[in-house]
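What follows is a single structure, written as structure tokens, with notes after it.
The values are calculated or read from the model by the stated rules, or taken from the named source; none is laboratory data. What you are looking at is a predicted structure, and each value in this text was computed from that prediction instead of being measured. For neighbour counting, all protein chains shown are included, and Cβ atoms are generated from backbone atoms with ideal geometry for every residue, glycine included.
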Amino acid sequence: MSILPLSIAIGEYDHVRDLLSGQVRAEGIDLLSSNLPVEEIFYRFTHFQEWDVSEMSFGKYVSLTSQDKNNMVAIPVFPSRSFRQSSMYVRAGGNITSPQQLAGKRVGIPEWAQTASIYTRGYLVDTIGIPLSDIQWVQAGVNEPGRREKVEIRLPAGVSYTAMPDHTLNDLLATGEIDAVLSARPPKALTDDTGEIVRLFDDYAEVEKQYFTSTGIFPIMHVIAIRRSTFERHPWIAMNLFKAFNEAKDRSIARALDVTASSFPIPWTPYMARQAQKMFGGNLWDYGIEPNRTTIDAFLRFSFEQGVAHRRLAVEDLFPKQVLTSVRV
């Protein structure tokens, strides 16, 4: 078999490192990689399909699929996952100290269709009990003005949404024009440690553990997408890539669990990895459909209820038949 060269754009994750370096190879494939900020990757792949394979926003992929805009196809590989109670930001010393207090307030989001915001709004509705219509939503770039929605959205009836592209959420929150921000990327005032902006939950890890225990949801942020024209010419690449991504991820987890020598410059990494392994029932970071059905189905419901998805999708609508099952020997 001749080797098929494929271009790929993806973030610099340890759990894909061995695949991109060639230590793990996708059978029959030679990958040429570009490492870029995820926002740039999503923009360029959504609008211009510049690579054969790309990391992709899960929310945008679901939205496009629900609109039958089928110029890409995903495999159930999830390079980025993160609980998002840690992604809720408020003014330091302000009057918002619990999520229940967001009812009736002005809350900023970078995009209605941002995956992190979809999960956090789902948490506010399902767990906290605040209807979407009880919050005034403000859209703007987190730290730079000019950000806009990248996919078509259909806001539910009664939802208040104001785009402020000439502003930033960081400044709007710091000056009190909005009361909170829900965003994957934190406001600059937090990362610069100015003291103006803080996380809503100081003990966010405990809140997130409780959320997982009660719901079984481990939020999927990003997925691996393939340009549809590439996939249709070479449908075998879906499973070959899936297997290679899985092997690279397993090697990364083995490094994290290894107590012999530290692979990461963080104390107690093996201990923390084993604690997480226990919480997740032995599997730290599953790829595939069945281990993630609860999370994916919840996200599809959130997306439809929030108007990001234009129709209610089933889990099987997202992935090609080539990766719905695997061979057992």
- Going through the stretch 258-297 one residue at a time, which ones are touching a residue at least 40 places away in the same chain (Cβ under 8 Å), surrounded by 14 or more Cβ atoms within 10 Å (Cβ to Cβ) and of a type in the set (A, V, I, L, M)? Ile289, Ile296
- Query: Looking at the stretch 226-249, is at least one residue small (Gly, Ala, Ser) and under 30 Å from Ile178 (Cα atoms)?
  - Reply: no
- Message: Given the criterion within 18 Å of Val16 (Cβ to Cβ) and in the same structural domain as Asp52 (by TED's automatic domain parsing), identify the matching residue among Ile296, Ile237.
- Response: Ile237
- Out of (1) without any contact (Cβ under 8 Å) to a residue 40 or more places away in the chain; (2) of a type outside the set (Asp, Glu); (3) surrounded by fewer than 18 Cβ atoms within 10 Å (Cβ to Cβ); (4) closer than 23 Å to Thr46 by Cα, what's the single condition that is false for Gln139? (3)
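Between Ile128, Ile118, which is of a type outside the set (Phe, Trp, Tyr), surrounded by 23 or more Cβ atoms within 10 Å (Cβ to Cβ) and not assigned by TED's automatic domain parsing to the domain that holds Leu64?
Exactly one residue qualifies, and that residue is Ile118.
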- Query: Which one of Val53, Val90, Val107, Val77 is farther than 28 Å from Arg154 by Cβ, in the same structural domain as Glu208 (by TED's automatic domain parsing), buried (at least 20 other Cβ atoms within 10 Å of the Cβ) and touching a strand residue (DSSP E or B) at 6+ places or on another chain (Cβ under 6 Å)?
  - Reply: Val90
- Scanning the stretch 206-215 for residues that are loosely packed, with under 12 Cβ neighbours inside 10 Å and either in contact (Cβ under 8 Å) with a residue 24 or more places away in the chain or not charged (D, E, K, R) (or both) gives Thr213, Ser214
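From the list Arg255, Arg228, Arg233, Arg251, which residue is loosely packed, with under 14 Cβ neighbours inside 10 Å and at pLDDT 95 or above?
Just a single option satisfies the conditions, and that option is Arg233.
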